[in-house]
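The values are calculated or read from the model by the stated rules, or taken from the named source; none is laboratory data. Since we're looking at a predicted model, the values are computed, not measured. All Cβ positions, glycine included, derive from the backbone under ideal geometry; neighbour counts span all protein chains shown. The protein model used for the area step is the full one, side chains on, heavy atoms only, and it has no ligands, DNA or RNA in it. Shrake-Rupley method; radii C 1.70, N 1.55, O 1.52, S 1.80 Å.
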Amino acid sequence: MSHWIILPVVLPAMLAPIIGFVMRHDIVLARVTSMVGTVLLLAVSMGLVWMAMDGTTHIYRLGDWPAPFGIVLVLDRLSALMVLLTATSALLVLLHAIATGWDDRGKHFHALFQFQLMGICGAFLTGDIFNLFVFFEILLIASYGLMIHSGGKERMRAGLQYVVMNLAGSTLFLFALGTLYASTGTLNIADLAAKIPEIPADEAALVRVAAMLLMIVFAVKAALFPVQFWLPATYSNAPAPVAALFAIMTKVGAYAILRVHTVVFGPGVPGTDGMIDAWLFPAAIVTIALGAFGVLGAKRLMPLISFSVVGSMGTLLVAVAAFSPAATTAALYYMIHSTFAAACLFLIADLVVSRRNGDSLTPTSATVQNGLFAAIFFAAVIAMAGMPPLSGFLGKLLVLDALREPGLMAWAWTAILVGSLLTIIGFARAGSALFWKSTAIVGSVPEDGEPARPTDVATTAQVAPVMLTLAVLGALAVFAGPVANYLEQTSNQLFDRAGYISAVLADPSEES
């Protein structure tokens with residue numbers, strides 16, 4: 001048993017209360033501790049990816065109790081990948097928050113940040129649906145605190161809507177868990193995967209109810225139609241670094257759909273076969289449309305980026321809905337891409353909005369370093385919209401290639417291609433208003449007689465996280481072949497239900 005597997009949960013869980021209680025009045029010490037912890041998390045996540053590289057499913061039994069009686073953490077290619085994605089994006093966001101001073105606008109940013117990482121990593125590693133619920137609640141508490149960081153009336157209102165929506169989802173989650181436990185007597189994912197296929201289809205009514213309730217809960221987390229409405233208001237009113245971190249949170253919902261509805265309720269299960277994808281596919285198509293039209297009609301920059309996140313989740317879940325290894329490979333590649341693309345847009349938006357009078361998409365005085373911001377924004381938009389040469393183009397190409405079945409192709413291709421076109425138009429309009437229609441000359445004296453302040457100039461430390469995020473997107477395109485090969489093996493392992501069951505439920509005394 002390797003104790004490395006539990007470190008992504010234990011490390012932030014230990015740092016968060018120390019930062020919150022001991023360092024809340026010393027921002028320098030809090031920054032150093034949080035940064036060191038996040039760097040260590042990244043190092044551990046790289047080690048976990050290396051552990052899972054050979055295709056072995058590693059099990060960590062808390063208290064040394066065997067599954068399904070005890071709590072287990074499961075490390076395979078998919079969970080290791082998601083932890084690495086979390087640690088990488090978290091480090092970039094933390095660098096930006098420190099460089100711009102966002103973390104100093106409240107006393108508990110770094111403590112909440114670490115609790116957030118604990119919840120996300122725990123959700124990716126848990127092998128038990130009840131503990132998935134527990135980590136979801138940790139996510140909710142920490143994300144609400146981050147959402148209202150630095151205060152504000154609009155932020156509090158959006159935060160309240162976010163909490164109410166997620167508490168409703170948590171209630172449905174408990175109903176689903178109760179129904180599932182009443183039907184099977186277990187909540188361990190591997191044990192469920194072993195027992196549910198044995199239930200005849202005509203006796204699986206409660207299982208179908210539980211599966212659909214879980215689908216709704218995960219749809220809330222993934223911002224899928226018809227429960228996507230909370231995301232634009234939440235992300236557009238959250239502090240920009242927090243919104244960038246939230247880009248990984250929607251992926252928790254997508255991951256849960258992949259893990260639970262593939263391993264437990266997936267293809268070949270008599271009681272639920274075909275039920276989830278029949279609902280998920282059209283919902284994802286509508287989500288793409290809502291995101292695209294939201295981008296096209298947005299009048300402010302932050303809502304525009306938020307709607308683009310909605311559209312990207314629709315594209316991701318269209319691929320997930322196929323529930324095949326090839327489509328899942330495409331979905332995973334696009335998941336990695338869309339996480340960094342969304343984070344990059346929110347970070348550059350913060351640099352731009354903080355130097356303008358709000359995020360309204362109306363022409364105003366040019367900002368200091370207008371050309372630099374325009375170039376970065378243009379590159380980030382290329383990535384999000386799915387244009388070459390960055391990874392978004394390859395991601396959408398993989399998704400389209402995986403959805404060539406007659407029943408899927410017409411709807412999926414039309415939605416993705418038209419949605420991409422509308423997204424490009426919406427972002428082009430926004431970029432034009434923000435950068436090319438600016439009426440004043442950089443460095444000129446505005447009407448109030450106060451020249452541009454030197455502090456308005458973005459420092460290297462402030463620009464570096466955005467540039468690093470773009471570099472990741474570029475590397476994802478350059479190394480698309482090796483990445484796709486790794487993700488193909490990850491998908492094959494995910495669909496190896498028998499291998500997952502035997503690894504988790506193996507007798508510890510028989511292991512070497």
*Evaluate segment 197-206: report whether one residue or more is in contact (Cβ under 8 Å) with a residue 60 or more places away in the chain and touching a Phe, Trp or Tyr at 6+ places or on another chain (Cβ under 8 Å).*
no
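Counting only residues that are of a type in the set (V, I, T) and assigned to a helix (DSSP H, G or I), which one in segment 261-279 is nearest to I196 (Cα to Cα)? Let's see the steps before the verdict.
We begin by selecting, within segment 261-279, every residue of a type in the set (V, I, T); these are 262-264, 269, 272, 276.
Filter once more, keeping what is assigned to a helix (DSSP H, G or I): 262-263, 276.
Values: T262: 12, V263: 10, I276: 15 Å.
Selected residue: V263.
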*P226 fails exactly one of the following numbered conditions: (1) within 23 Å of L280 (Cβ to Cβ); (2) at pLDDT below 90; (3) crowded, with 16+ Cβ neighbours inside 10 Å; (4) of a type outside the set (A, V, I, L, M). What is the number of that condition?*
(3)
_Residues located in segment 124-157, provided they are polar (S, T, N, Q), open to solvent by 10 Å² or more (accessible area, probe 1.4 Å) and part of a helix (DSSP H, G or I)_ = N131
*asked:* If I filter segment 35-47 for residues that are farther than 22 Å from I336 by Cβ and crowded, with 18+ Cβ neighbours inside 10 Å, do I get at least one hit?
replied: yes
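Across segment 61-89, what is the number of residues that are farther than 17 Å from V472 by Cα and either in contact (Cβ under 8 Å) with a residue 60 or more places away in the chain or small (G, A, S) (or both)?
As a first pass, look at segment 61-89 and keep what is farther than 17 Å from V472 by Cα: 61-80.
So of that shortlist, the ones also either in contact (Cβ under 8 Å) with a residue 60 or more places away in the chain or small (G, A, S) (or both) come out as 61, 63-64, 66-68, 70-80.
The total comes to 17.
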_Counted residues, segment 164-186 - those being under 26 Å from R61 (Cα atoms) and in contact (Cβ under 8 Å) with a residue 60 or more places away in the chain_ = 1
*Of the criteria (1) open to solvent by 20 Å² or more (accessible area, probe 1.4 Å); (2) modelled with pLDDT of 85 or more; (3) within 21 Å of T364 (Cα to Cα), which one D401 fails*: (3)
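Look through L192, L231, L245, L258 and report the one residue that is aliphatic (A, V, I, L, M), assigned to a helix (DSSP H, G or I) and over 17 Å from the mean Cα position of the chain (by Cα).
On the way: L231 fails: over 17 Å from the mean Cα position of the chain (by Cα); L245 fails: over 17 Å from the mean Cα position of the chain (by Cα); L258 fails: over 17 Å from the mean Cα position of the chain (by Cα).
None of the other options fit; the residue is L192.
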*Hey, any hits in segment 345-365 for a residue that's open to solvent by less than 10 Å² (accessible area, probe 1.4 Å), within 17 Å of T250 (Cα to Cα) and at pLDDT 85 or above?*
yes
*Checking A326 against (1) more than 27 Å from R497 (Cβ to Cβ); (2) aliphatic (A, V, I, L, M); (3) surrounded by fewer than 24 Cβ atoms within 10 Å (Cβ to Cβ), which single condition isn't satisfied?*
(1)
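Being open to solvent by 10 Å² or more (accessible area, probe 1.4 Å), of a type outside the set (A, V, I, L, M) and within 21 Å of L174 (Cβ to Cβ) is the filter; apply it to segment 195-218 and report the residue that is farthest from the chain's Cα centre (by Cα). Outline the logic, then answer.
Of segment 195-218, the ones open to solvent by 10 Å² or more (accessible area, probe 1.4 Å) are 195, 197-203, 205-206, 208-209, 212-213, 216.
Then keep just the ones that are of a type outside the set (A, V, I, L, M); that gives 195, 197-198, 200, 202-203, 208.
Next, from what is left, pick out any that are within 21 Å of L174 (Cβ to Cβ): 195, 208.
Working: K195: 30, R208: 27 Å.
Filtering first and then ranking leaves K195.
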_Residues that are closer than 30 Å to P200 by Cβ, among the hydroxyl-bearing types (S, T, Y) and surrounded by fewer than 18 Cβ atoms within 10 Å (Cβ to Cβ): does segment 175-183 have at least one?_
yes
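Take N166 and tell me if it is within 20 Å of the chain's Cα centre (by Cα), farther than 23 Å from A503 by Cβ and polar (S, T, N, Q).
Spelling it out, N166 is indeed within 20 Å of the chain's Cα centre (by Cα), farther than 23 Å from A503 by Cβ and polar (S, T, N, Q).
Could you identify the single residue in L160, L112 that is out of contact with any Cys (no Cβ under 9 Å at 6 or more places or on another chain), open to solvent by 30 Å² or more (accessible area, probe 1.4 Å) and either free of Cβ contacts under 8 Å to residues at least 12 places away in the same chain or on the phi > 0 side of the Ramachandran plot (or both)?
L160
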*Among all residue pairs at least 6 apart or on different chains, which show Cβ distances below 6 Å where the first residue, located in segment 134-153, is more than 11 Å from Q116 (Cβ to Cβ) and the second is open to solvent by 30 Å² or more (accessible area, probe 1.4 Å) and assigned to a helix (DSSP H, G or I)?*
I148/R155; I148/M156; S150/R105
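Identify all residues within segment 383-396 that are out of contact with any helix residue (DSSP H, G or I) (no Cβ under 7 Å at 6 or more places or on another chain) and crowded, with 18+ Cβ neighbours inside 10 Å; write none if there are none.
Answer for segment 383-396, where residues must be out of contact with any helix residue (DSSP H, G or I) (no Cβ under 7 Å at 6 or more places or on another chain) and crowded, with 18+ Cβ neighbours inside 10 Å: just F393.
The rows are residues; the columns are (1) open to solvent by 10 Å² or more (accessible area, probe 1.4 Å); (2) touching a residue at least 12 places away in the same chain (Cβ under 8 Å); (3) part of a loop (DSSP other than H, G, I, E, B).
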| residue | (1), (2), (3) |
| --- | --- |
| T287 | no, yes, no |
| M302 | yes, yes, no |
| F307 | yes, yes, no |
| G314 | no, yes, no |
| A322 | yes, yes, yes |
| A342 | no, yes, no |
*asked:* Considering only residues that are exposed (fewer than 12 other Cβ atoms within 10 Å of the Cβ) and aromatic (F, W, Y), which ones fall in segment 49-72?
replied: W50
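Being open to solvent by 10 Å² or more (accessible area, probe 1.4 Å) and modelled with pLDDT under 90 is true for just one of P270, P241. Which residue is that?
Numbers: P241 fails: open to solvent by 10 Å² or more (accessible area, probe 1.4 Å).
Selected residue: P270, the only one of P270, P241 that is open to solvent by 10 Å² or more (accessible area, probe 1.4 Å) and modelled with pLDDT under 90.
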